[in-house]
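The values are calculated or read from the model by the stated rules, or taken from the named source; none is laboratory data. Remember, it's a predicted structure, so these values are computed and weren't measured experimentally. Here the Cβ positions follow ideal geometry from the backbone for every residue, glycine too, while neighbour counts run over all protein chains shown. Ligands, DNA and RNA are excluded from the accessible area calculation, which covers all protein heavy atoms including side chains. Shrake-Rupley method; radii C 1.70, N 1.55, O 1.52, S 1.80 Å.
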Amino acid sequence: MPVNVIMPQMGESVAEGTITRWLVHEGDRVEKEQPIVEISTDKIDTEIPSPTRGRIKKILYPEGKTIPVQEVIAQIEPVEAKEGERSTIEEKERSPLPEAIEKVKTLEMTTEIERAGAREKRYSPLVKKLAKEYEVNLEEIKGTGEGGRVTKKDIMDYVALRPGAGTALPAEAEQKIYEKEIFIPLSPKRKITADRMVQSKRTAAHVTTVFEVDMTKIAKYRDSNKEGMKREEIHLTYLPFITLVTARALKEHPILNASWAEEGIAQKNNVNIGIAVSLEDGLIVPVIKDADKKDLLPLAKDIQDIAWRARSKKLKPEDVQEGTFTITNYGLNGSLFGTPVILLPQVAILGVGAVVKRPVVVDDAIAIRSMMYLSLSFDHRVMDGAHADAFLRTIKDRLEKWEASAYVTKRSSPPTGYGGVW
């Protein structure tokens, strides 16, 4: 009897998912837990494993189709493993030399399969589509994305440098240029993001307040502890510092760690901070649970981990659930400040600008300081400007008066050459 593969529910509020890519075809043999399909929801992009060992009997929906949760999307005909698929008699009769040759061939084949698999993982559906349109051999392109992945920019740069660039565009592209526009179909993630952002702007009464923060103390702390961080395998950016003081400030200003309902305001007991992560085709917001209970180094590791897992599609459903507040770091791209859109049902979102050295007045004298803008978008239905400004003032004060001893757990055996507080 066939085993059904269903569209899983990747979160309490998720009602549907979109099939982005089938990793198998009808008739293919699959092992239990082998990834067979990639799906996308408003919460997460992930690979769905096979529930059993067998053969793909039927694929019920094509790529790009949006399906309700719990709907059957494929069927697998179970196949039991046959005992003695390799006869022990044949093994005994086999001479050592042929056996050795076969092992070498098997090893070479396995290595090539692994290499092919590694190459395949570097190519997203968009990249493959562009490569086909521009007749590009992806093996000739050095990827600059996460883990050596080839990005859209890599392909376009390659095409631009190719002899005859500009005259060898695909027929479809020529037609679009002739019509003075380029039509880009919406990806599932882009459509979901658009719907959610419009819903947020229509629902929440958005107001944004901006504070300027002197990050000089933290910049010096980072510089003096780079070697120690490398030994801990931590890339210590400014974001962990901001996340840490934000999480603790939320405990003092709980009105920002809440959600709106027509019956009232629900203040959350847990501080679960979502970190917006930029992907090739949009954004995803994995969540760090109980962020207020962590100190600097574990928090930095958590941020690194969720960013890596988000970009390699290794997030679990629980990784994107139960967020109570969000931080978006557009300063990573050089932006000074912005007005981010609240992620419902939350009531506020913190935007982090780039840290830039510039002259400022300090004690009636001009000094070069590492400066940053923090912007807080908040729901005016839930709080007034005074509440939002008090919260942002708390974050600003703690960043400017940074004391490592308050946030870094001391250890008995610091790494050699480590100059920080342990």
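Roughly how many percent of the accessible protein surface of the stretch 346-392 is carbon and sulfur, given a 1.4 Å probe and a whole-percent answer?
55 percent
So, for the stretch 1-57, what is the accessible surface per residue at a probe of 1.4 Å, expressed in square angstrom?
Each residue of the stretch 1-57 exposes 48 Å² on average to a 1.4 Å probe.
Along the Cα→Cβ direction, 7 angstrom out, place labels at THR66 and LYS293. What is the inter-label distance in nm?
3.7 nm
What are the residues whose amide H is under 5 Å from the amide H of PHE325, where those residues sit 5 or more places off or on another chain and H is modelled from the backbone?
Here the answer is ASN272, GLY274, since their amide H atoms fall under 5 Å of that of PHE325.
For the stretch 254-339, report the accessible area per residue in Å² (1.4 Å probe, heavy atoms, rounded to an integer).
Heavy-atom SASA per residue in the stretch 254-339 reads 48 Å².
Considering amide H positions built from the backbone, and no H for Pro or chain starts, which residues 5 or more places from GLY17, or on another chain, come under 5 Å of its amide H?
Here the answer is ILE67, VAL69, since their amide H atoms fall under 5 Å of that of GLY17.
Can you send over the carbon and sulfur percentage of the accessible area for the stretch 196-260, probe radius 1.4 Å, protein chains only?
Within the stretch 196-260, the accessible surface is 50 percent carbon and sulfur.
Can you tell me how much longer the chain between LYS313 and ILE6 gets when fully stretched, taken as 0.36 nm per residue apart minus their C-alpha distance, in nm with one decimal?
Length gained between LYS313 and ILE6: 108.6 nm.
Over the stretch 188-303, one equal point on each Cα, no solvent: what is log10 I(q)/I(0) by the Debye formula at q = 0.17, 0.20 Å⁻¹?
Taken in order of the listed q values, log10 I(q)/I(0) reads -1.10, -1.29.
Given H placed on each backbone N at 1.01 Å, which residues far from ASP28 in sequence or on other chains put an amide H within less than 5 Å of it?
Hits under the 5 Å cutoff: ILE56.
For a 20 Å ceiling on Cα separation, which of these pairs sit above it: LYS189/LYS289; LYS220/LYS401; LYS57/LYS189?
Cα-Cα > 20 Å for LYS189/LYS289; LYS57/LYS189; rest within.
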